[in-house]
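First up is the structure itself, then whatever we jot down about it.
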Amino acid sequence: MNADERRFEVLRAIVADYVSNQEPVGSKALVERHNLGVSSATVRNDMAALEDEGYIAQPHTSAGRVPTDKGYRLFVDRLSEIKPLSQAEKRAIRSFLDGALDLDDVMRRSVRLLAQLTRQVAVIQVPTLSRAAVRHLEVLPITPSRLMLVLITDTGRVDQRIVELGDVISEEDVAQLRTQLNQAMAGQRLSDASAKVAELPEEVRQDLRDPMLRVATVLIETLVEHPEERLVLGGTANLTRNVADFPGSLRQVLEALEEQVIVLKLLAASRDPGRVLVRIGEENEAAEMRSTSVVSIGYGSRDNPLGGLGVVGPTRMDYPGTMAAVRAVANYVGEILTGR
């Protein structure tokens, strides 16, 4: 082992102890707790070199050192691979998420699960209708002159609308409307589906033109909507367990999470379902987030990215475990939503 490799092993040991104990780490403790294979004097020399290079720092006048943002970055970059979760953990994730009833339930369960796995704040970006395609439209008669439209997209979103027809319509005619609407819309991106629906009133028989026009008007309003992107958060209280990790900045972090725009920008860069992205401390553009680390990834598929998810926590974080949990949950959320 050359000097650089040995110093990295010392850094890795400091990261492990500091993440675990939240106490500055001294050379004596490193020698006692880790099989580094060198003397205390060598460890002290290595720690001095790491400090000179900015990878560790001395928070106060004690013998202990703590990792810096630069130290955490080197540690994360040198992770040769993300250790996968156990089969039992994977089964638990699948079982919990498979029980979801609809898209909103998938979102809520995902952040709850991720917050529990990582003990950090979990965030997930809700897929917007503008990214979706129509899977199916159900047309249900509520009364002879009122219909319910249930639009189901390939992202799992379910949108319901009521249509007042102004006149009585038979069940056979409702079935005719349902058939023609699905023939025009199924599999279409929402923007394309709205154009198809706009043509339908001219294509149906004369006595169905008025009800089709009323249905088409309501559907087009739904299809061309571009709702503001939103997040679902879980586990915000986890940040308050270790206030010392956010000296003077916890309130700013909580306000940034509540504002959502900052976190949406962070997740917007995490569109690749195959790559976990880690931003550490000062690497975060927003000043409010510079005492945090953000671990994120895209979910969906490379051909159809649906959004991003991840966790926000202190820089003193179990990076390997957090990265594994984020990737595993993203995989299952993607499978559920693209497989429905």
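The values are calculated or read from the model by the stated rules, or taken from the named source; none is laboratory data. On a predicted model such as this, the values are computed, not experimentally measured, just so you know. So basically every Cβ, Gly included, is an ideal-geometry build from the backbone, and we count neighbours across all protein chains shown. Side chains included, ligands, DNA and RNA excluded: accessible areas come from the protein's heavy atoms. Shrake-Rupley method; radii C 1.70, N 1.55, O 1.52, S 1.80 Å.
Numbers for the structure displayed
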{"quantity": "Any hit, the range 61-70, residues being touching a strand residue (DSSP E or B) at 6+ places or on another chain (Cβ under 6 Å) and among the acidic types (D, E)", "calculated": "yes"}
{"quantity": "Condition check for R119: in contact with a Phe, Trp or Tyr (Cβ under 9 Å, 6 or more places away or on another chain) and either open to solvent by 60 Å² or more (accessible area, probe 1.4 Å) or modelled with pLDDT of 85 or more (or both)", "calculated": "no"}
{"quantity": "Complete set of residues in the range 257-280 that are of a type in the set (V, I, T) and open to solvent by less than 30 Å² (accessible area, probe 1.4 Å)", "calculated": "I262, V263, V276, V278, I280"}
{"quantity": "Answer residue from the range 98-128, given it is part of a loop (DSSP other than H, G, I, E, B) and within 12 Å of the chain's Cα centre (by Cα) and is farthest from G300 (Cα to Cα) among those", "calculated": "V126"}
{"quantity": "Residue within the range 37-50 that is open to solvent by less than 30 Å² (accessible area, probe 1.4 Å), of a type in the set (D, E, K, R) and at pLDDT 90 or above present", "calculated": "yes"}
{"quantity": "Qualifying residue in the range 222-236 (condition: open to solvent by 80 Å² or more (accessible area, probe 1.4 Å) and over 16 Å from the mean Cα position of the chain (by Cα))", "calculated": "yes"}
{"quantity": "Subset of the range 136-156 [open to solvent by 70 Å² or more (accessible area, probe 1.4 Å) and not in a strand (DSSP E or B)]", "calculated": "P144"}
{"quantity": "Filter pass, A92 being within 14 Å of R6 (Cβ to Cβ) and either out of contact with any Asp or Glu (no Cβ under 7 Å at 6 or more places or on another chain) or among the basic types (K, R) (or both)", "calculated": "no"}
{"quantity": "Residue in the range 157-193 that is most open to solvent (accessible area, probe 1.4 Å), counting only those that are in a helix (DSSP H, G or I) and small (G, A, S)", "calculated": "S191"}
{"quantity": "Helices (runs of 4 or more DSSP H) within the range 1-58 that include 3 or more residues acidic (D, E)", "calculated": "3-21, 40-52"}
{"quantity": "Matching residues, the range 70-92, being more than 16 Å from M47 (Cα to Cα) and modelled with pLDDT of 90 or more", "calculated": "R73, V76, D77, R78"}
{"quantity": "Qualifying residue in the range 61-84 (condition: among the polar types (S, T, N, Q), more than 26 Å from T118 (Cβ to Cβ), in a loop (DSSP other than H, G, I, E, B) and open to solvent by less than 80 Å² (accessible area, probe 1.4 Å))", "calculated": "yes"}
